[in-house]
Amino acid sequence: VILPTAWERDHSVSNLEVLKLLAEEHLEAGKKVYVGLGGVSKTSSIQAEIDNDEKRMLDLGHMTEKVTQHFVILNTLDGDLGHDRGRLAEAWLIRALGLDRLMNERHGGAGRPPIFKDIGAVFILIGR
């Protein structure tokens, strides 16, 4: 996984295991956690997708405020597109944490097709 410059300061983490540990720590501390997939579409960026999901969680009353966010960037590797790897990683993380412990619901995401499939991101949104 190749990370963007200054990832230590922008809330990105080095791998999915670290992301899972961060989510578990927040859950154990009584905070709410949402797991999402980000990509680059004609109308959105990875951060914009995080912002959209934050707004949706607030509007649905699943959280009252955002505490923080963390994410992992996944690039194309060995012929597997980064966005596809991100989709698999999102499903893995939701299963590993347990859907019933998360703000996620069983329906899928927004479904905007990515225009740049070489990169995907899995993120956790932490709220109160």
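Provide the per-residue ³J(HN,Hα) series for segment 49-65, in order, calculated from phi with Karplus coefficients 6.51, -1.76, 1.60 and θ = phi - 60°, each as a whole number of Hz, with x at glycine and proline positions.
These are the phi-based 3J(HN,Hα) values: 5, 4, 4, 4, 5, 4, 4, 5, 5, 5, 4, 7, x, 6, 8, 9, 7 Hz.
Taking H placed 1.01 Å from N in the peptide plane, check which residues at least 5 places from VAL122 or on another chain put their amide H under 5 Å from its amide H.
GLY38, VAL72, LEU74
So what's the angle, to the nearest 10 degrees on a 0 to 90 scale, between helix 82-97 and the longest Cα principal axis of the chain?
Taking Cα atoms only, the helix is inclined about 30 degrees.
Quick one: accessible surface of LYS117, probe radius 1.4 Å, all protein chains present, in square angstrom to the nearest 10.
Looks like 100 Å² after rounding.
Provide the per residue accessible area, probe 1.4 Å, for segment 69-109, rounded to a whole number of square angstrom.
57
Among the trypsin sites (Lys or Arg not before Pro) in segment 52-98, which ones are in a DSSP loop with at most 13 other Cβ atoms within 10 Å of the Cβ? Mind listing them? Provide the component values of the computation, followed by the final result.
Numbers: sites: LYS55, ARG56, LYS66, ARG85, ARG87, ARG95; in loops: none.
Within segment 52-98, no trypsin sites (Lys or Arg not before Pro) qualify (loop, at most 13 other Cβ atoms within 10 Å).
On the accessible surface of the chain, probed at 1.4 Å, how many percent belong to carbon and sulfur atoms? Don't jump to the answer; show the numbers that get you there.
On the way: 3760 of 7110 Å².
For the chain, the apolar C and S fraction of the accessible surface comes to 53 percent.
For SER14 and ILE115, calculate 0.36 nm times their separation in residues minus their Cα-Cα distance, and state this gained length in nm to one decimal.
Going from the current span to full extension adds 33.9 nm.
May I have the count of lysine pairs in the chain with C-alpha atoms under 21 Å apart, counting pairs 8 or more residues apart or located on different chains?
For the chain, qualifying lysine pairs total 10.
Per the helix-only calculation at 222 nm, which mean residue ellipticity applies to the chain, given -39500 (n - 2.57) for every DSSP H run of n ≥ 4 and division by its residues, nearest 500 deg cm²/dmol? Spell out each step's value before the answer.
Values: 3 runs with 43 residues, N = 128.
So the helix-based figure for the chain works out to -11000 deg cm²/dmol.
Rounded, prolate or oblate: which fits segment 14-125 when a ≥ b ≥ c are the square roots of the eigenvalues of the alpha-carbon gyration tensor, with rounded for a/c under 1.5 and prolate only if a/b beats b/c? Walk me through the numbers before you get to the answer.
On the way: a/c = 1.94, a/b = 1.34, b/c = 1.45.
It is oblate, given that a/c is not under 1.5 and a/b is not larger than b/c.
Per 0.36 nm of contour for each residue apart, how much would the distance between LEU77 and LYS42 grow if the chain were fully extended, relative to their Cα-Cα spacing? Write out the running numbers ahead of the final one.
Numbers: separation 35, 0.36 × 35 = 12.60 nm, distance 2.32 nm.
So the chain would gain 10.3 nm between LEU77 and LYS42.
Any idea how far the Cα center of segment 28-54 sits from the one of segment 81-105, in Å?
12
How many nm separate the modelled label positions at GLU105 and GLU28, each set 7 Å beyond the Cα in the direction of the Cβ?
3.1
The values are calculated or read from the model by the stated rules, or taken from the named source; none is laboratory data. For clarity, every value in this text was computed on a predicted model and none was experimentally measured. Using ideal geometry, Cβ is built from the backbone for each residue, glycine included, and neighbour counts are taken over all protein chains shown. Accessible surface areas use protein heavy atoms only, side chains included; no ligands, DNA or RNA. Shrake-Rupley method; radii C 1.70, N 1.55, O 1.52, S 1.80 Å.
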